Structure formats: C-alpha cells, structure tokens
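Student: Before we start, here is the structure in question, set down as structure tokens.
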Amino acid sequence: MSLGFEVSEGQYCRGRHGRFAATDEERVSDLRAALDDPQVDMILCSRGGYGLQRIIDRIGEIRKPIIGFSDITALHLLAGLSGQPTLHSIMCKHIATLPETSEALQRTIEALQGKALEYVIPTHPLNRKGETEGMLVGGNLSVLYGLQGTPFGLTDERLMAKDCILLVEDIGERHYHIDRMMNNLRLSGVLANLSGLLVGQFTDCEDDPLMGETVYETIARYAAEYNYPVAFNVPVGHVEHNLPLWLNHPVKLTVENDHVQILQDHVKA
C-alpha cells in the first residue's frame, strides 16, 4: 500500500549484532544521522524489544517526531525533555502485516497526515469518572521504571510538569513486578502529580492468585488515593488493536459511566 511517504533506511537497520540490529555505536550513528538530516521529517522505528536504554545518553536532543512503542518509550522520554511530540503507535512490522482495514493502521496514517485523534471506548468496572486535560506522557511501564532515578525519568519536571496524564502498558511481566513498578511511581511522587491515568493492555501479564487481586486491580489500588479520572482497558500496547496517541502533547480525557472519550488535536509532523 502506497501512502505517499518517501522512505529512507538507516545504514545499519538490517544488520545483526547479537540481540541487536547493530552495535551500540552504529545504532547511535543511525539515529543521529536521521535526527540531523533536514530531509527527514519523522523517524519510524522498525521494532521494540530492548536496547535503547544502553544508548539513551548518547543520542542528544530530539527535535522531530519518533514513531513506535514498547522499548521506544525511552526515545519518547528523551524527546519530552525538549517538548517534542512523539507518536506511540505501531511500527514497521505491524504496517507490513496488518490488513489495510486495521483501525490501528488507519489511525496511525491519519495521525501522520496531521489529523486529530478521537476515540470512544467501552467502560470498565475499575474506571473512575471525571474529565481532565493535560500533557500525555508515558508508554511501556517497564521502560519507565528502568529509567526512574536517571536524567530521563518521569520525575524530571521537563517531562512531567504537574497535571500530566500518564499512559502505561506492558507485556510478559509478573504480577508482583507490576506491583513493584507501580509502587515506584507512588514513592517517587509521579502518581500524586497526575491529572489522569490511562491504563492500556497488559498482554501476557497473568494474574497471580497469591496477590489477592487482578493486575488491573493492583493498578487501581495504587490510583485509589488520588482523585483524577482513570480509564482501564485502553486499546494501546502489545496487541494488534494498538491505537496511536501523541505523547508529549495535550490530551483531553472524559470518563463517563458508559464510555470513555479520548481527544487529541493534530500534530504538525
């Protein structure tokens, strides 16, 4: 399917170096070349996995949209330091494999074409009603947790001024790991400074009977002492129905008894 975009590839993106596409130095080189090239308007990541935390302090300032999710959360945080909107969305693999009728694919194209995003999703029993607006931040919970206490963590005021809305999702984590990570967000003051919480998909994160609650109930317990709106089962994360949302960009969240509405103005990519 031709979308009208001119595509160029990083020099090392098809390589292989153990778990990674290239050495740390080569991956930094590819990123810097794309960031510095005035003919490159945006950077579409090929996949997530692991590896960006190894090089995040060598990339420098990000001043153009990054597209991706999962491990790409590290780049979303780095871009947030300079106020650069980035798109939490599907990547190359999904563009190649999803049917053209996929809502995740169509909405991602619309976002990149500069159209506003609006979602109305079903309610969830753990939702907390309310209406709020704020800068959307976050992404993969494990990556957020791994960068806490660093210059790229959510406690940096450039990333998360008071009244931001936090998005979290994850895959393959033990229930008690999720409890640990949410407690970190509590102890570090992140949860207290929010104006809203979007809880995406926690794929292959099995409920542990010994925890005495479900994974979603664990997250709800940590949010319970605050008063902002909370929306669960948001279609964002490691699933095919992974709808795009702009991070480091304002969002309006409305949680009603029978539905949730998420609104974002367009971003000039």
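Coordinate-derived values only; no laboratory data. Predicted model, so just to flag it, every value in this text is computed and none were measured. Heads up, the Cβs are rebuilt from the backbone with ideal geometry, glycines too, and the neighbour counts pull from every protein chain shown.
Student: Taking all pairs of different Cα atoms in the chain, averaging 1/r and flipping that mean, what Kirkwood radius in angstroms comes out?
Tutor: Kirkwood hydrodynamic radius for the chain: 18.8 Å.
Student: Just going by the charge dipole of the stretch 103-219, with Lys and Arg at +1 and Asp and Glu at -1 on Cβ, which of 164, 182, 218 is farthest out on the positive end?
Tutor: 164
Student: At 0.36 nm per residue, minus the direct Cα-Cα distance, what do residue 5 and residue 41 gain on full extension? Give it in nm, one decimal, please.
Tutor: Once the chain is fully extended between residue 5 and residue 41, it gains 11.9 nm.
Student: Using the Karplus curve 6.51 cos²θ - 1.76 cosθ + 1.60 with θ = phi - 60°, what ³J(HN,Hα) values do you get for each residue of the stretch 116-133, in whole Hz, with x for Gly and Pro?
Tutor: Whole-Hz 3J(HN,Hα) from phi for the stretch 116-133: 5, 10, 9, 10, 10, 10, x, 6, 9, x, 8, 4, 10, 5, x, 10, 7, 9.
Student: Net charge around residue 37, counting only other residues with Cβ within less than 13 Å of its Cβ (Lys, Arg = +1; Asp, Glu = -1)?
Tutor: -2
Student: So, in nm, how far is label residue 263 from label residue 239 when the simple model puts each one 7 Å beyond its Cα toward the Cβ?
Tutor: 2.5
Student: What are the aspartates and glutamates whose alpha-carbon lies under 19 Å from the alpha-carbon of residue 162, with same-chain residues fewer than 8 places away excluded?
Tutor: Counting by Cα, and skipping residues close in sequence, residue 162 has these aspartates and glutamates nearby: 131, 133, 225.
Student: With labels modelled as points extended 7 Å from the Cα through the Cβ direction, what inter-label distance (nm, one decimal) is found for residue 176 paired with residue 123?
Tutor: A separation of 3.6 nm, rounded to one decimal place.
Student: Suppose a student asked you for the relative contact order of the chain, using Cα pairs under 8 Å spaced at least 6 residues apart; what percent would you report?
Tutor: Once divided by the residue count of the chain, the mean separation gives 23 percent.
Student: When the label point is put 7 Å from the Cα of residue 58 along its Cα-to-beta-carbon vector, which residues of the stretch 24-45 have a backbone N closer than 18 Å?
Tutor: In the stretch 24-45, the label zone of residue 58 (backbone N under 18 Å from the point 7 Å along Cα→Cβ) covers 24-36.
Student: Top mean-square fluctuation among 108, 132, 214, Gaussian network model of the chain, C-alpha springs under 10 Å?
Tutor: Highest fluctuation of the listed residues: 214.
Student: Taking springs between alpha-carbon atoms closer than 10 angstrom, which of 25, 133, 173 fluctuates most in the Gaussian network model of the chain?
Tutor: In this elastic network of the chain, the residue with the biggest mean-square fluctuation among 25, 133, 173 is 25.
Student: Can you list the trypsin sites (Lys or Arg not before Pro) in the stretch 146-190 that are in a DSSP coil and have 12 or fewer other beta carbons within 10 angstrom?
Tutor: Hits after loop and neighbour filter: 158, 162.
Student: In percent, how large is the relative contact order of the stretch 67-148, given Cα pairs closer than 8 Å and 6 or more residues apart?
Tutor: After rounding, I find 43 percent.
Student: Follow-up question, since we're still on this one. Using a/c under 1.5 as the rounded threshold, could you call the stretch 139-269 rounded, prolate or oblate? The axes a ≥ b ≥ c are square roots of the C-alpha gyration tensor eigenvalues, and prolate needs a/b larger than b/c, oblate otherwise.
Tutor: Note, shape of the stretch 139-269 comes out rounded.
Student: Say we join alpha carbon atoms closer than 10 Å with springs in a Gaussian network model of the chain; which of 78, 147, 159 then has the biggest fluctuation?
Tutor: Maximum among the listed residues: 147.
Student: GluC sites (Glu not before Pro) within the stretch 181-225: which are DSSP loop residues with at most 16 other Cβ atoms inside 10 Å?
Tutor: Loop-located and lightly packed - 206, 213, 225.
Student: How big is the gap, in Å, between the Cα center of the stretch 211-237 and the Cα center of the stretch 103-119?
Tutor: Comparing the Cα centres of the stretch 211-237 and the stretch 103-119, I get a distance of 26 Å.
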